[in-house]
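Colleague: What follows is a structure written as C-alpha cells; I'll ask about it next.
The values are calculated or read from the model by the stated rules, or taken from the named source; none is laboratory data. These numbers were taken from a predicted model, which means no experiment stands behind them. Reconstructed Cβ throughout: ideal geometry from the backbone, glycine too, with neighbour counts over all protein chains shown.
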Amino acid sequence: MPDRRILVTSALPYANGHIHLGHLVEYIQTDIFVRFQKLRGHRAIYLCADDTHGTAIMIRAKAEGRSEHDLISGMREAHLADFAGFQIAFDHYGSTDSPANRTLCGEIWQALRDRGLVVSRDVQQLFDPQAGVFLADRFVRGTCPKCSAADQYGDSCEQCGATYSPADLVNPVSTLSGATPEVRSAEHLFVTIETLHSFLETWTTSSGALDPRIANYLAGHFLGEPLRDWDVSRPAPYFGFEIPDKPGHYWYVWFDAPIGYIAATSEWCVAHGESLAAWWHRGGGNDPPAEIHHFIGKDITYFHTLFWPAMLEAAGLALPTKVRIHGFLTVNGQKMSKSRGTFLMARTYLDHLDPAALRYYYAAKLSGGIDDIDLNLEEFAAKVNADLVGKVVNLASRTARWLETTGLATTYPDDGGLFARAAADGAEIAAAYEQCDFARAMRAIMLAADRANAYVDAEQPWKLAKAGAAAAEKLQQVASVALNLFRQITVYLAPVLPRLAEQVGDLIGGPIRSWDESQQPLVGLPVGPFQPLMRRVEATQLEALLAAAATQPPSPATLPPQGTATMTESATDSGEPLAAEPLAPECTIDDFTKVDLRVARIIAAEEVPEARKLLKLTVSLGGDATRTVFAGIKGFHEPAALIGRLVVVVANLAPRQMKFGLSEGMVVAASGAGSPGVFLLSPDSGALPGMRLH
C-alpha cells in the first residue's frame, strides 16, 4: 500500500481570547494523531489558522483603542506561544484575514452563485442600541423558543439542539452591553442548502466520514425536515471581507472561517512548491488521493457536517474523509469557574506544570468518541505520577546508570519474551492511535510497562550491583533488557510525549524517527549519562496553579461561549480534618514499630461483584513476595488504573478470613473530613517494592 497523504486540521481558535485548557483538548488530540501518522511513515500535514473576523473583534479593538489588525496580530503571537509551550507542532499556521483566504472566499462564493444557491431577503435582526451594532448570534442570550431552556445563545440551544435565529429568542439580552436588543430589518444573503438535501443525507450516512451517532443525530434533528437557508452575510459595520458583488455587506465569520482550512493549505503549498489541487480538488491526478481529517468540538457539529460539505460539494472540492468530533472538558463534572479560581489558561498552566503531564492525561482520557472528558486535579497528579514517573521513567532511572561505562550488551539477552510480546502489541496500539482511541493505546502501553517493571523487580539489579565483578555480566544483561523495554515503550509514547522521545534519544539510540524502532531491540550501543526525564506532580504545584488562576482571571472577552470546553474548581483543603476525626490516643515508639509499613506495587486488581465497597488487589513486595488484599476503595478507583501503581501496605497485619477470600494486609488510604473520596497514599519516585517506611 503506498504511503498515505493526510491533511489534518483543528477548528480555528478565535482571535478574541487566549487559549485555555478546554481548547487544548482538541489541539493536543490532533497533534498526537498527526505525530503518529508521521511516525508511521505517512505524509501528514497539520494546518490551522487564527479565526479573525466578526463583531467581537471589532468591539474589543474599539474598546482597547487600537485597530482590528493590531489586535489579531498580538493575539496570533500569544496563541502560537501557547501552542509551542504544549509541543503542538503545526506545519502551517495562517489567518482567516489573509489574501489567500479572501481570494478563495471569492472563488467559492462565485461557485455558489453559479449554482443558483444564493438568495437575498430582508430579515429581522437584533440591534444593540447602546453598542450601535447588529448582534452576532453569540452576543445574544435568552430563552430557547423550542424547549424554553434559559440562558441560551442566539443560534442554537445546548439543551435540545434546536437551531434558530437570534430574533427568535425569548427575552433576549445583549452580552455586549446588557441592553435589550431592538428588532431592525436588514438585507441578508443566504445559501439555500436544501437543494443539496439528498447529497447530505447520502454523505452523512454512507461516506464513513462521521461517527454513526453523529449521523443519527443529524438525521433526527436536521435531515428529517427541509434544511433552513444559511445566513452568510452581515451588514456594515462588520470586521471581515466585503462581498465583492454586494458592497456594504460582509461574509459572516462562519462562511470564511472553514475556507481558512483551504487557504492555509494554499499558503503551505506555495511555501513547499506543491499544488493546491493535489490536496483539495477532486481528481487532482495524484495517487493516492489525499485524505482530509477535521478535528472539532461537538458544539460546532452542524457547521462542519452540513453547511461545510454543502459548500464543498457546490464548489466541486474534495469532501472530508473524517470529521472527528470530541466532547467538552469539565473539571469534576462541571464548567470552569472564574470565581472559584479554576478558569485555567494555557499560559497559567505552563507557568507551573510540565506540558507533557497534560498531554498524557488527555491522551489517557480520549477514546475517539464524543463523550465529555473530566479533568480532576487529584486524579491528574496520581495518574501522571503512577504511570509516567512510577512506571515509565522509573525503568530508566533504576537501570541506566549501570550501563554508562559498559553500554548495552552486544547481543540481546533472554528476557522471557518481553520485548517480542510488546513488539506484537504494536499492531493493537497503532490501531488504537488510528481510531483516535488514545485511551486504549495508553492502557496497552502501560501494561507493557507493568511487565517491564515486574521483570526488574524479579531480577533485582541493585543486588547484582552490590555483588561486584562476579555479577557484572548479569547486571549488564538485566539493565540492557530494562533499557530496551524502556525505549520500546517510549517509541509507542512518542506521539503523546515528543519531548520525552527526544530525551530518550539523547540517552540511547539517537532520535526516534519511526514506529518500526519498536520492533527490534538495540545492542552494543553506548549509553549516555542519565538525566532526570520527568518529575512528579506535587500538591504544591497544583495549589500554586489554582492560586494563580484565582488572582489572574481572564478578561470577559476571553471567556468561552457556552458549549466550548470548560472547567470548574477542584477540591481544596477544607481545614477541618482534625475536627472531623480527632487524633487517636497517644502511642509510644515501640507501639509504632510493631506496624510494618512497606512499599508495594499493585500487580492485579479486580472488582468483587458481591461486595459493595471492595476491590481485590494483588500486591508485590518485591521478588516473589505477593499478598492478596481486599481494599474498600470500590467506586473511587478503577481497577485497570491501579495496576502498576506503588502504594503503602501494612505488611504484618494478621490475615483475615473474609467471605470473599483471605485478606493478607491493608492498603493505606486517607478519607473522611467531609470528603467523599478515598485517597491512596503513593510513595515518592524512586521507592521500590519491599522498602520499609520509617
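Colleague: So which residues in the stretch 250-291 are under 14 Å from Arg102 (Cβ atoms) and at pLDDT 95 or above, if there are any at all? Explain how you work it out, then say what you get.
Modeller: Just the residues of the stretch 250-291 that are under 14 Å from Arg102 (Cβ atoms), to begin with: 250-251, 253, 255-257, 259-260, 262-264, 266-267.
Answer for the stretch 250-291, where residues must be under 14 Å from Arg102 (Cβ atoms) and at pLDDT 95 or above: Tyr250, Trp251, Phe255, Asp256, Ala257, Ile259, Gly260, Ile262, Ala263, Ala264, Ser266, Glu267.
Colleague: Continuing with this model, one more query. From the residues in the stretch 662-694 that are among the aliphatic types (A, V, I, L, M) and modelled with pLDDT under 75, which one is nearest to Asn385 (Cα to Cα)?
Modeller: Of all residues in the stretch 662-694, those among the aliphatic types (A, V, I, L, M) come to 662, 666-670, 673, 678, 680-681, 687-688, 691, 693.
Remaining after also requiring modelled with pLDDT under 75: 673, 678.
Working: Ala673: 25, Val678: 17 Å.
This residue is Val678.
Colleague: Can you spot a residue in the stretch 161-181 that is surrounded by 17 or more Cβ atoms within 10 Å (Cβ to Cβ), within 30 Å of Ser98 (Cβ to Cβ) and at pLDDT 95 or above?
Modeller: No, every residue in the stretch 161-181 fails to be surrounded by 17 or more Cβ atoms within 10 Å (Cβ to Cβ), within 30 Å of Ser98 (Cβ to Cβ) and at pLDDT 95 or above.
Colleague: Condition check: over 19 Å from Thr52 (Cα atoms) and either in the same structural domain as Tyr93 (by TED's automatic domain parsing) or touching a Pro at 6+ places or on another chain (Cβ under 6 Å) (or both). Does Pro212 satisfy that?
Modeller: Working: over 19 Å from Thr52 (Cα atoms): yes; either in the same structural domain as Tyr93 (by TED's automatic domain parsing) or touching a Pro at 6+ places or on another chain (Cβ under 6 Å) (or both): no.
So Pro212 does not fit the description; no.
Colleague: Those residues that are aromatic (Phe, Trp, Tyr) and surrounded by fewer than 16 Cβ atoms within 10 Å (Cβ to Cβ), I need them from the stretch 197-229; list them, please.
Modeller: Step one: of the stretch 197-229, the residues aromatic (Phe, Trp, Tyr) are 199, 203, 217, 222.
The one that is aromatic (Phe, Trp, Tyr) and surrounded by fewer than 16 Cβ atoms within 10 Å (Cβ to Cβ): Phe199.
Colleague: Also, I was wondering about something else. With the checklist (1) modelled with pLDDT under 85; (2) within 13 Å of Ser620 (Cα to Cα); (3) of a type outside the set (Lys, Arg) in hand, flag the one item Met658 doesn't pass.
Modeller: (2)
Colleague: Here is a further query. Considering only the stretch 305-323, I want to know if a residue exists there that is surrounded by fewer than 20 Cβ atoms within 10 Å (Cβ to Cβ), out of contact with any strand residue (DSSP E or B) (no Cβ under 6 Å at 6 or more places or on another chain), in contact (Cβ under 8 Å) with a residue 24 or more places away in the chain and in a helix (DSSP H, G or I).
Modeller: The answer is yes, given that some residue of the stretch 305-323 is surrounded by fewer than 20 Cβ atoms within 10 Å (Cβ to Cβ), out of contact with any strand residue (DSSP E or B) (no Cβ under 6 Å at 6 or more places or on another chain), in contact (Cβ under 8 Å) with a residue 24 or more places away in the chain and in a helix (DSSP H, G or I).
Colleague: Quick check: is even one residue across the stretch 93-101 more than 23 Å from Arg347 (Cβ to Cβ) and of a type in the set (A, V, I, L, M, F, W, C)?
Modeller: yes
Colleague: Continuing with this model, one more query. Within the stretch 118-151, which residues are out of contact with any Phe, Trp or Tyr (no Cβ under 9 Å at 6 or more places or on another chain), modelled with pLDDT of 90 or more and not charged (D, E, K, R)?
Modeller: Those that are out of contact with any Phe, Trp or Tyr (no Cβ under 9 Å at 6 or more places or on another chain), modelled with pLDDT of 90 or more and not charged (D, E, K, R): Pro129, Thr143, Cys147, Ser148, Ala149, Ala150.
Colleague: How many residues are out of contact with any helix residue (DSSP H, G or I) (no Cβ under 9 Å at 6 or more places or on another chain) and free of Cβ contacts under 8 Å to residues at least 40 places away in the same chain if we restrict to the stretch 398-456?
Modeller: Selection size over the stretch 398-456: 5.
Colleague: A follow-up question, please. From the residues in the stretch 54-100 that are in a helix (DSSP H, G or I) and basic (Lys, Arg), which one is surrounded by the most Cβ atoms within 10 Å (Cβ to Cβ)? Don't jump to the end; show me each part of the working.
Modeller: Step one: list which residues in the stretch 54-100 are in a helix (DSSP H, G or I), which gives 55-64, 68-85, 99-100.
Now narrow it down to the ones that are basic (Lys, Arg): 60, 62, 76.
Values: Arg60: 21, Lys62: 17, Arg76: 19.
Ranking the qualifying residues of the stretch 54-100, first place goes to Arg60.
Colleague: Is it fair to say Val140 is free of Cβ contacts under 8 Å to residues at least 60 places away in the same chain, more than 16 Å from Ile193 (Cβ to Cβ) and not assigned by TED's automatic domain parsing to the domain that holds Ala263? I'd like the intermediate steps shown before the answer.
Modeller: Details: free of Cβ contacts under 8 Å to residues at least 60 places away in the same chain: yes; more than 16 Å from Ile193 (Cβ to Cβ): yes; not assigned by TED's automatic domain parsing to the domain that holds Ala263: yes.
So Val140 fits the description; yes.
Colleague: So, of the residues in the stretch 142-170 that are outside any loop (DSSP other than H, G, I, E, B) and farther than 22 Å from Ala56 by Cβ, which turns out to be farthest from the chain's Cα centre (by Cα)?
Modeller: At the first step, the residues of the stretch 142-170 found to be outside any loop (DSSP other than H, G, I, E, B) are 142-143, 152-153, 156, 163, 166-168, 170.
Add one more test, that the residue is farther than 22 Å from Ala56 by Cβ, and what stays is 143, 170.
Values: Thr143: 32, Val170: 36 Å.
Only one residue tops the list, namely Val170.
Colleague: Please go through the stretch 105-141 and give me each residue that is more than 20 Å from Met58 (Cα to Cα) and part of a loop (DSSP other than H, G, I, E, B), ordered by number. Can you show your working first?
Modeller: Here is the first cut: in the stretch 105-141, the residues more than 20 Å from Met58 (Cα to Cα) are 105-124.
Matches in the stretch 105-141: Arg115, Gly116, Leu117.
Colleague: So Ala640 fits all but one of (1) part of a strand (DSSP E or B); (2) within 24 Å of Tyr455 (Cα to Cα); what number is the exception?
Modeller: (1)
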